[in-house]
1. Give me W38, W125 ranked fewest to most by other Cβ atoms within 10 Å of their Cβ, as a rough exposure proxy.
2. Treating cross-link reach as a plain straight distance, find the lysines whose alpha-carbon is under 24 Å from the alpha-carbon of K46, omitting any fewer than eight places away in the same chain.
3. Packing-wise, with mean Cβ within 10 Å as the measure, how do 63-73, 103-113 rank, highest first?
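Derivation of every value follows stated rules applied to the coordinates shown; laboratory data play no part. Predicted model, so just to flag it, every value in this text is computed and none were measured. As a convention, Cβ positions derive from the backbone with ideal geometry for all residues, glycine included, and neighbour counts pool all protein chains shown.
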Amino acid sequence: MSHLSLTRRGKARWRVGGTAALKSTGPVSREKLSPASWAKLEAELKRGPLAHGFADDQRWTLGLKTVIGRMFHVGYTIEGVAKLLKRHGWSWQVPVRRAAERDETAIAVWKNEVWPQLKPPRRTWVPGSASPTRRARG
């Protein structure tokens, strides 16, 4: 028991089972969705936010909270939805799909032709000075 600060209950577990008794046993609360419910929710996740009327934002954690409530009559907080998604290998921040209007050809043309014209040229090396009042020589 090096630098750990344990509660009375933790100390008792440590005395009985050693370090192995202090390992996590999983989440504190039981997951509200059954495996069958999660499978249904995952199918809805794959359909995407547009299928559920959330066209404005592809990061639809708040909307997903509503969808879960409607489908399963179970309440989750936004943080709970994020943890649920993470626990099952989904990300709550990154959209699954790209925009339907995305034009890969136009993007490639812009990157190769327009951006180089807009981007300022790289400055060549010149001797400088750390002093804000003294000009560089050379």
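1. Numbers: W38 17, W125 6.
Final ranking by Cβ density, sparse to dense: W125, W38.
2. K32, K65, K83, K86
3. Working: 63-73: 15.5, 103-113: 9.6.
Highest to lowest by the protection proxy: 63-73, 103-113.
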